[in-house]
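Shown next, in structure tokens, is the structure this report addresses.
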Amino acid sequence: MIRSLLRHSVAPIVRLFHRRPAKTPVAAAAFDEGLALHRQGRLSEAEQLYRAVAEPDANYPHAVYNLGLVKLQRGELDAAVPLLRQAVAANSELAEAHNALAVALGRLARYDEAVAHFEQAVAARPDFAEAHCNLATALQPFGRHQEALAHFERALAISPDFAEAHHGRAAVLTTLGDLAAARLALERAIELAPRKAEFYRSLAESKRFTADNPHLAAIEALARDAASLPASEQVYLHFALGKVYADLGRHDAAFAHLLEGNALKRKEIVYDEAAVLERLVATQDLFTAEVISERRGLGEPSPVPVFIIGMPRSGTSLVEQILASHPQVHGAGELNDFEAAVATLAEMSGTPTDVGGEELRRIGGRYLERLSAAAPAAARVTDKMPANFRYAGLIHLALPNARIIHTRRDSVDTCMSCFASLFGGDQPFAYDLAELGRYYRGYAALMEHWRQVLPPEVMLEVRYEELVADFAPQARRIVAHCGLDWDESCVDFHITRRPVRTASAVQVRQPIYRSSVGRAAPYRHRLGPLIDVLDGA
């Protein structure tokens, strides 16, 4: 997901400008003292010295850069961006400032600008390994995977022992389906940084652990010293051990680590649960059967889009991989474009009852521009953003000939799989069992509403358990729903080579399997807070 830009796969890397610029002796001394304090983590004192140097001299970009870096490290993005812009305006060749500005812009969801400044950083300093690494990470949500791989490899050519670049290279190789090479890259990253819990978590997700795995002892040793790790690394460590111990059948130990990891992750998240659940209910009130009927057929008539919706970990990736194996289908992955269309609707009037055909066609047309750019010759393009379940009514109004596929999986299995996942994107409801249960109930209620108000031919329901138990007939249903003739390549979906940038990137490279049915059974006695909510207690 594009929201994960600069937050996952590879941590963005910024660093102090440590070379003394040629300024007055007094300014240089203050700059050096600020650097020393900055390295000690004494940010407030460093800020005062940088400011004393920078404010009288607007053309002292190195001090302005380090001042902006203080703001960035504190998370004060609105203050960091103008300072970093000032630094690059004073010296367009200051690669460190372009790099830090790109990191700040990425965190503000200004992704195109972020990529542009990373590109300027590597243009100014072709040997800037950290900027190549950051640029590679930033390119992936745009589908520019081969370019990303090239920049990771450039970073490693500059700095062969750059652990984060090996880890990032593994991430893009996983996306591209080269799982063997990805594991080798992960093992090299771990060799170089054996206390980096994030790397172990990636390795755990890349394969099934066995008791003789040589990395098991290292992960357990790191766990014994977990208190010495930063909180974010502790999160990765607990999720890694949750996966490892589940693979080994040590379910009580696995769940204990998942509880710890989820609790730590939940502390990092700002989540207004009441507002989220209220919006799910309000959507039902807005998109009534009357509204759907009155505005049906007014939107953009293209049959190209296929929306695959549902809860995370419900089988959406599998359904997309089946369709993407068809020669007439392009699998676009998880797109945020329809959420942007919702923002357009809010700007227009705020409610669907006030939006006419011209506005609906505009929403549909803007969305189709993205799909056409991705695959102009495809008869169908899939959008596998699960959270689009919130917008199924507006999808139908804006794109009346689009098809929707809703994947459903056992509620407890779905929620347990979410609880065991450290998501790359924004899934703030997933890290507390009761919150997860309440979100699931809100989702289920909205989906029942869509069943009642959408025309029956628009949305196909696919049960995950039925799909894996009776694969070929279910796959045929899916393909037929999209108005396509059957193609045998859909049976061999696991050999289809295409980028897959989701938590299921490894699983969809495997033939159909049934082991995920009953996923929650070993943990059911520990899932009381979730089951009570799901049962309405």
query = What aspartates and glutamates sit close enough to residue 71 to cross-link, taking a C-alpha to C-alpha distance under 16 Å and skipping anything fewer than 8 places away on the same chain?
reply = 45, 47, 55, 96
request  = Could you sort 264-275, 462-473, 357-368, 314-325 so that the peptide with the highest average Cβ count within 10 Å comes first and the rest follow in order?
outcome  = 314-325, 357-368, 462-473, 264-275
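Using the Cβ atoms and a cut-off under 10 Å, what net charge is assigned to the surroundings of residue 80, where Lys and Arg are +1 and Asp and Glu are -1? Provide the component values of the computation, followed by the final result.
Details: positive: 71, 74, 85, 107; negative: 76, 78.
So the surrounding residues net to +2.
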ask   = Which lysines have a Cα less than 22 Å from the Cα of residue 265, not counting those fewer than 8 places away in the same chain?
value = 196, 243
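So how much slack lies between residue 524 and residue 284, counting 0.36 nm per residue of separation and subtracting their Cα-Cα distance, in nm? Walk me through the numbers before you get to the answer.
Values: separation 240, 0.36 × 240 = 86.40 nm, distance 3.19 nm.
Stretched out fully, the residue 524 to residue 284 stretch lengthens by 83.2 nm.
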query = Calculated FRET efficiency, residue 158 and residue 457, Cβ-Cβ r, R0 35 Å, to nearest 0.05?
reply = 0.05
request  = With just the Cα atoms of the chain, tell me how far they stretch along each of the three principal axes, in Å, largest first.
outcome  = 77, 60, 46
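With a cut-off of 8 Å between alpha carbons and a minimum separation of six or more residues, what is the relative contact order of the range 284-534 in percent? Write down the numbers at each step before the final one.
Details: 381 pairs, mean separation 73.1, N = 251.
In percent, rounded to a whole number, it is 29.
Bear in mind that the values in this text are calculations on the coordinates, not laboratory data. Just so you know, these numbers come straight off a predicted model, no measurement behind them. Positions of Cβ are generated from backbone atoms using ideal geometry, with glycine treated the same way; all protein chains shown enter the neighbour counts.
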